[in-house]
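Colleague: Let me give you the structure first, and then I'll get to my questions.
The values are calculated or read from the model by the stated rules, or taken from the named source; none is laboratory data. Keep in mind the model is a prediction, meaning the values are calculated, not measured. FYI the Cβ positions are ideal-geometry reconstructions off the backbone, even for glycines, and counts take in every protein chain you see.
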Amino acid sequence: MKHIGIIGGGGISDTHARAATEIDGVKVAAFYGDNYEKTTELAQRYGRAVYRDLDSLLAHRPLDLVIIGSPSALHARQGIAAARRGLHVLTEKPIDVTTAQADALIKECAQAQVKLGVCFQDRVAPGIARLKQLIEEGRVGRPIVCSGYVKWYRPPEYYANSRWRGRRALDGGGALMNQGVHTVDLLLWLMGDVERVYARTLTAFHQIEVEDTVVATLEFRNGAVGTIEAGTSIYPGYQRRVEVSGSEGTIVLEHDRIVRADLRTPDPTLIDQAKGDSNQSASSPIVSDVSGHRRLIEDFLRAIDTGSRPICDGAEGRRSVALIEAIYESSDKGLPVSLS
């Protein structure tokens, strides 16, 4: 039996708890969040202990790991505290809001010999895993262009009613660091590292400290080019879309499903015939389908049991933050930025 502590009292922590309770041999043991009233409601929903401070949660026994769903800039600090107690750490995306803080967390987990994972559940979605397999098998040919579109909408109250969203100190950024980071990770996972980026960010619709709209041009180290367009300013919000084009054809992904596969060697079985969006993330932050998080937690538990690497470990989770830092730097300077 694996015992899990949940850090955070918001909607994503409920997602973590729902996903964990669907897994055999797993028990959600206790909760902690800065907002004690909200966290108490969450704990009561699952009939588990709730603590007023992080140290008390980390001292709860039995406890094997924590899942962190707090504001992004707290991930490293809370993860380090857990690692020092000998607990494995699975943190919500992004790993933190700076590479410096990500590096500190990675180092502490390595020293404590505990596993560190980051919640990029797209990596375990069957359609997306199939797309990666096709690219690795050469079915798309030599990569030419890869683009990601995260044209989402969040109403003004999404930011106004939150103490941390849209605030630079806790959110670390806006539409890219919070919502678009999944697609940034996906482009890196599919295509490899980026050599250089040129970007423009702006706050076009919301009254927040950070960007709600961003466009970036990417030059990948494998010779391909790409773009990413992300926003929480695009009414009414559209499904996330990823397009990969190579010398042998093009594959298009919407949300987590392959919807087009125009290859020189056709294969109609590649098209996912399922209709609808299993996660209405284009217009709402609420996660209705927890299957992705369940698969991710299951992968993390396997890594603990077998000594293998999680599908997205700390080093992998750091890559998206490094690219986003470069995108922000490029926008601030009005110049291309190279990634070392």
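Colleague: Just to check your reading of the model, which residue among VAL145, VAL140 is among the aliphatic types (A, V, I, L, M) and in contact with a Ser or Thr (Cβ under 7 Å, 6 or more places away or on another chain)? Working first, answer last.
Modeller: Details: VAL140 fails: in contact with a Ser or Thr (Cβ under 7 Å, 6 or more places away or on another chain).
Within the list VAL145, VAL140, the selection yields VAL145.
Colleague: Then there's this: If a residue has to be assigned to a strand (DSSP E or B) and aromatic (Phe, Trp, Tyr) to count, how many in the range 42-86 make the cut?
Modeller: 1
Colleague: If I ask for residues that are basic (Lys, Arg) and either buried (at least 16 other Cβ atoms within 10 Å of the Cβ) or closer than 19 Å to ASP332 by Cβ (or both), which ones from the range 198-235 would you list?
Modeller: The answer is ARG200, and nothing else.
Colleague: For residues that are in contact (Cβ under 8 Å) with a residue 40 or more places away in the chain and touching a strand residue (DSSP E or B) at 6+ places or on another chain (Cβ under 6 Å), scanning just the range 321-338, find the one that is farthest from VAL194 (Cα to Cα). Before you say what the answer is, go through the steps one by one.
Modeller: Step one: list which residues in the range 321-338 are in contact (Cβ under 8 Å) with a residue 40 or more places away in the chain, which gives 321-328, 330-331, 335-338.
Now narrow it down to the ones that are touching a strand residue (DSSP E or B) at 6+ places or on another chain (Cβ under 6 Å): 323, 326-327, 330-331, 336-338.
Values: LEU323: 8, ALA326: 10, ILE327: 11, SER330: 14, SER331: 16, PRO336: 12, VAL337: 10, SER338: 8 Å.
The selected residue is SER331.
Colleague: To continue, here is another question. Looking at ARG52, is it among the basic types (Lys, Arg), in contact (Cβ under 8 Å) with a residue 24 or more places away in the chain and more than 22 Å from LEU186 (Cα to Cα)?
Modeller: Numbers: among the basic types (Lys, Arg): yes; in contact (Cβ under 8 Å) with a residue 24 or more places away in the chain: no; more than 22 Å from LEU186 (Cα to Cα): yes.
Taking the combined requirement at face value, the residue does not satisfy it.
Colleague: Let me ask something additional. In this structure, is SER247 of a type in the set (S, T, N, Q), surrounded by fewer than 19 Cβ atoms within 10 Å (Cβ to Cβ) and either modelled with pLDDT of 95 or more or assigned by TED's automatic domain parsing to the domain that holds MET191 (or both)? Spell out the reasoning first.
Modeller: Details: of a type in the set (S, T, N, Q): yes; surrounded by fewer than 19 Cβ atoms within 10 Å (Cβ to Cβ): yes; either modelled with pLDDT of 95 or more or assigned by TED's automatic domain parsing to the domain that holds MET191 (or both): yes.
Judged against the criteria, SER247 is a match.
Colleague: Could I ask something else about it? Scanning the range 71-91 for residues that are within 17 Å of the chain's Cα centre (by Cα) and surrounded by fewer than 24 Cβ atoms within 10 Å (Cβ to Cβ), which turns out nearest to ALA326 (Cα to Cα)? Even if it seems obvious, please write down each step before you answer.
Modeller: Step one: of the range 71-91, the residues within 17 Å of the chain's Cα centre (by Cα) are 71-76, 79, 89-91.
Still in the list and also surrounded by fewer than 24 Cβ atoms within 10 Å (Cβ to Cβ): 71, 73-74.
Numbers: PRO71: 22, ALA73: 18, LEU74: 21 Å.
The selected residue is ALA73.
Colleague: Let me ask something else about it. Are any of the residues in the range 173-195 in the same structural domain as GLU254 (by TED's automatic domain parsing), over 30 Å from VAL140 (Cα atoms) and surrounded by fewer than 17 Cβ atoms within 10 Å (Cβ to Cβ)?
Modeller: Checked against the condition, which is being in the same structural domain as GLU254 (by TED's automatic domain parsing), over 30 Å from VAL140 (Cα atoms) and surrounded by fewer than 17 Cβ atoms within 10 Å (Cβ to Cβ), the range 173-195 yields no hits at all.
Colleague: Within the range 87-103, how many residues are polar (S, T, N, Q) and not in a helix (DSSP H, G or I)?
Modeller: 2
Colleague: Quick one: in the range 111-133, which of the residues that are free of Cβ contacts under 8 Å to residues at least 60 places away in the same chain, assigned by TED's automatic domain parsing to the domain that holds LEU63 and of a type in the set (A, V, I, L, M) is nearest to LEU253 (Cα to Cα)?
Modeller: By that ranking, first place goes to VAL114.
Colleague: Does the range 294-319 hold any residues that are free of Cβ contacts under 8 Å to residues at least 24 places away in the same chain and in a loop (DSSP other than H, G, I, E, B), and which are they? Give the derivation first.
Modeller: Taking the range 294-319 first, the residues free of Cβ contacts under 8 Å to residues at least 24 places away in the same chain are 302, 305-309.
GLY307, SER308, ARG309, listed by residue number.
Colleague: May I ask you to list the residues in the range 114-151 that are more than 24 Å from PHE220 (Cβ to Cβ), out of contact with any Lys or Arg (no Cβ under 8 Å at 6 or more places or on another chain) and surrounded by 15 or more Cβ atoms within 10 Å (Cβ to Cβ)? Break it down stepwise before answering.
Modeller: Applying the first criterion (more than 24 Å from PHE220 (Cβ to Cβ)) to the range 114-151 yields 114-117, 119, 126.
Adding the requirement that they be out of contact with any Lys or Arg (no Cβ under 8 Å at 6 or more places or on another chain) leaves 114-117, 126.
Correct list: VAL114, LYS115, LEU116, GLY117.
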